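Q: Please find one structure pasted underneath; my questions will follow.
The values are calculated or read from the model by the stated rules, or taken from the named source; none is laboratory data. Every value quoted in this text rests on a predicted model; they were computed, and no experiment measured them. For neighbour counting, all protein chains shown are included, and Cβ atoms are generated from backbone atoms with ideal geometry for every residue, glycine included. The accessibility values were calculated without ligands, DNA or RNA, using every heavy atom of the protein model including side chains. Shrake-Rupley method; radii C 1.70, N 1.55, O 1.52, S 1.80 Å.
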Amino acid sequence: MQHKTIIEPFRIKSVEPISVSTEAERTQYLKDAHYNPFLLRSDNVVIDFMTDSGTSAMSAKQWAGMMEGDEAYAGSRSWLRMEAEVRDLTGMPHILPTHQGRAAERIIYGHLGGPGKIFISNTHFDTTRANIEFSGATAIDIPIAENKDTALQHPFKGNMDVGELDRLLKEHKGNVGAVILTVTNNSGGGQPVSLANAEGVSAICKLHGVLFLLDCCRISENSWFIKHRENGMEELSYREIAQRMFALTDGAVMSAKKDALVNMGGFLALKDEALAEACINLLIITEGFATYGGLAGRDMEAIAIGLREIFDPSYLDYRIKSTLFLGKKLHELGVPLMLPIGGHAVYVDAKKLHPHIPPHAYPGQALVGELYILGGIRTVEIGSVMFGTYNADGTLKPAPMELVRLAIPRRVYTQSHIEYVIETFAEIMKRCEQVRGLRITKEPKFLRHFTAHFEPLK
Ligand SMILES: *Cc1c(COP(=O)(O)O)cnc(C)c1O
C-alpha cells in the first residue's frame, strides 16, 4: 500500500517542554522586546520558526558521537573524521573548520574583497552581504527575473541570471572578488537552483577566469528538488547530485547549522592551494588552529555524522513534503505566499497580505508581530527591515520583496505543531486589514534587523 500520510521518520527519545503563554502576556513581551522578535526570550515563544539555523534535533548517533569527540588541540581524531567527510562530499582537498558559516565568509570574503571589488550572487544571504560590504566591496544580486514575482510557478526560481552574469563580468573585468551561488536561495525565498544553472554559471566563470563559490548550507534540500524536477536526474542519489554541483565550483562555504544537522559549526572548502593557505592564516588568527577552527572536537564529530544523515532519502522526503504541507494549507487559506514552496521554509508575501501598509512602515514586521501575539509563533522579516537602505534624502529605499519567513527547524516539530500554526493563520486572515505598520526608533549600521527597536504607528 502507498500511504499518503507523511510521518516523521524518527521516534522521539528526548523532549523539551514548550511553555504556553496567553495573548495578553505576549502583547507585553513583544512591547518589552521593542517589537523585534530577536529581542524576545525563547521561553516566551511557543513555536519558534525564526530560523532553521542551529535549531535541528540531533540523532542518537550524533549524541553518541559527541561522547567520542577528541578534544586534542592539534590533529584531533574528530577533525580527521569531519575533514574526510567534507572532502568526500565536496571533492575539495583543502577544508577549513569554522565555528559557523559567517566565520568562513569573513575569512574568504575579507581576503578576496576590499574597496572596488564586486561580488555577484543569485542572492547574497544577509551575513554574506554584510561580510562583503564590511570589507568595502559591493554585493550584486542577480536572481532570474521569475524570482521577483512571488506568485509565479517555476521549478528553479533560485537560479542565477546567467546572461546578466556574463554582462557584469565584462563590465567589472579585473575587479570581481567571486561569484557565489547560494543553494537553496535562502533570501530569495528558499528556492532551488538547478544543476543546469550551476553548469551555466561555472562555464561563464571559467571563461572570465573568475572564482566560483557555492554557499552550500542547504545543498541536500537543493538536491531533492533537482532529483524530482530536473530532467535526467531521477537515477542519481541525492549525494551524487550534490557532488556534481560541488565539482563545478572552486570552493564552498557552509553553515553546518543548516544541512549538517548540528547546533554549531561550519567550514570553508577550497580547491586552490595558495588561496587555502592565505585563508588558513586568517583562520588561525581569529578562529583557531587549522584542525579545530573554533569548534570543539565533539562538534566536529556531530558534523561528520550529520552530513551523512542529511542525505537519507526518507529524511529528505519527509523534510520537503512536510514543508510543502504547511505551504499548501496556508495557500488554501488564501495566504499570499512565495510559490512554489521552498525546502526549509514557507515565505509569506506581506506586501500582498498588507497592501495598506507601505514599505517604509514595514508590512512584514507587522505580520511578524501579529503571529507572535496570536500564536506565540516567532518568525523573521526578510524585506525592508533586513535589506532596506536609505536614499541621500533620508527616505527608505525598499527591498525588492516584503517577505516573512517561517523557517522550520529540522526534526523538531510534529504535525500537530504545524496544525497549530495553520489555525493561527486562519485568524490572521480575518484581521489582516486592521494591522498597523511600524517605525524604527533605533538601529545599528550593519545587519540592523537583529537589534533594531520599533514602535507601532498610531
Ligand atoms: C545561515 C546562512 C549563512 C551564515 O551562516 P551562520 O552559520 O549563520 O553564520 C550563510 N549563507 C546562507 C545561505 C545561510 O543560510
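Q: Counting other C-beta atoms within 10 Å, and keeping those with at most 14, which DSSP coil chymotrypsin sites (Phe, Trp or Tyr not before Pro) do you find in the range 67-120?
A: Working: sites: TYR73, TRP79, TYR109, PHE119; in loops: TYR73.
Passing sites in the range 67-120 are TYR73.
Q: Let me cross-check ASP32: its accessible surface, 1.4 Å probe, with only protein heavy atoms counted, in Å² to the nearest 10?
A: Answer for ASP32: close to 100 Å² accessible.
Q: Next question. Set the Förster radius R0 to 30 Å, insert the Cβ-Cβ distance between GLU277 and LEU207 as r into 1/(1 + (r/R0)^6), and round the FRET efficiency to 0.05.
A: With a Förster radius of 30 Å, E is 0.70.
Q: Taking amide H atoms as placed 1.01 Å from N in the peptide plane, list the residues 5 or more away in sequence, or in a different chain, whose amide H sits under 5 Å from that of VAL412.
A: Close amide H contacts, sequence-distant or interchain: ALA57.
Q: Based on a Kirkwood Rh over C-alpha pairs, give the Stokes-Einstein translational diffusion coefficient of the range 60-309 at 37 °C and viscosity 0.692 mPa s in µm²/s.
A: Numbers: Rh = 18.1 Å.
In µm²/s, the coefficient rounds to 182.
Q: Further, regarding this structure: Hey, can you grab everything whose amide H is under 5 Å from the amide H of VAL380? Only 5+ residues off in sequence or another chain; H modelled, so Pro and N-termini drop out.
A: The answer is ARG405, ALA407.
Q: Using only the Cα atoms of the chain, what are the Rg and Dmax in Å?
A: Calculated on Cα positions, Rg and Dmax stand at 21.4, 65 Å.
Q: Determine the percent antiparallel among the DSSP beta bridges restricted to the chain, to the nearest 5. Walk me through the intermediate numbers first.
A: On the way: 27 of 44 bridges.
Just about 60 percent of them are antiparallel.
Q: I need the calculated FRET efficiency for the pair ALA24 and HIS331, taking r as the beta carbon distance and R₀ as 35 Å, to the nearest 0.05.
A: Approximately 0.65, to the nearest 0.05.
Q: If the cut-off is a Cα-Cα distance under 17 Å, which aspartates and glutamates reach LYS271, setting aside same-chain residues fewer than 8 apart in sequence?
A: LYS271 reaches GLU83, GLU85, ASP88, GLU105, ASP215, ASP250.
Q: Among the aspartates and glutamates, which have Cα under 13 Å from the Cα of LYS328 when same-chain residues fewer than 8 positions away are ignored?
A: GLU419
Q: Restrict the search to the range 22-93; then list the trypsin sites (Lys or Arg not before Pro) that DSSP places in a loop and that have at most 10 other Cβ atoms within 10 Å of their Cβ.
A: The qualifying sites are ARG41.
Q: Tell me, what ³J(HN,Hα) does each residue in the range 115-122 have, in order and in whole Hz, if you take phi through Karplus 6.51 cos²θ - 1.76 cosθ + 1.60 with θ = phi - 60° and put x for Gly and Pro?
A: x, x, 8, 10, 10, 10, 9, 4
Q: Continuing with this model, one more query. Scale the Cα Rg of the range 150-235 by the rule-of-thumb value 2.2 N^0.38 Å and send over the ratio, two decimals.
A: 1.12
Q: Can I ask one more? Can you run phi through the Karplus equation (6.51, -1.76, 1.60; θ = phi - 60°) for the range 168-178 and list ³J(HN,Hα) in whole Hz, with x for Gly and Pro?
A: Taking θ as phi minus 60°, the curve returns 5, 5, 5, 4, 9, 3, x, 10, 8, x, 5 Hz for the range 168-178.
Q: Same structure, new question: Given charges of +1 on the Cβ of Lys and Arg and -1 on the Cβ of Asp and Glu, with all other atoms neutral, how large is the dipole of the chain about its Cα centre, in debye to the nearest 20?
A: Working: 49 positive and 54 negative charges, 125 e Å.
For this selection, approximately 600 debye.
Q: Give me the distance between the Cα centres of the range 1-38 and the range 247-265, rounded to whole Å.
A: Cα centres, the range 1-38 to the range 247-265: 26 Å.
Q: Starting at the first residue of the range 69-75, write each ³J(HN,Hα) from the Karplus equation 6.51 cos²θ - 1.76 cosθ + 1.60 with θ = phi - 60°, in whole Hz, x for Gly and Pro.
A: Taking θ as phi minus 60°, the curve returns x, 9, 8, 4, 4, 10, x Hz for the range 69-75.
Q: Let me ask something else. List the trypsin sites (Lys or Arg not before Pro) within the range 157-245 that DSSP assigns to loop and that have no more than 16 neighbouring Cβ atoms inside 10 Å.
A: Counting only loop positions with at most 16 other Cβ atoms within 10 Å, the trypsin sites (Lys or Arg not before Pro) in the range 157-245 are LYS173.
Q: Calculated from DSSP H runs of 4 or more alone, at -39500 (n - 2.57) each and per residue, what is the 222 nm mean residue ellipticity of the chain, nearest 500?
A: Taken over the chain, the calculation gives -12500 deg cm²/dmol.
Q: Name the residues whose placed amide hydrogens come within less than 5 Å of the amide hydrogen of PHE119, ignoring near sequence neighbours (fewer than 5 apart) on the same chain.
A: Result for PHE119 returns THR138, ALA139, ILE140, GLY177.
Q: Here are some pairs, LYS170/LYS257; LYS258/LYS352; LYS148/LYS442; LYS31/LYS157; LYS397/LYS458; which of them have Cα atoms lying more than 32 Å apart in this structure?
A: Exceeds cut-off: LYS170/LYS257; LYS31/LYS157.
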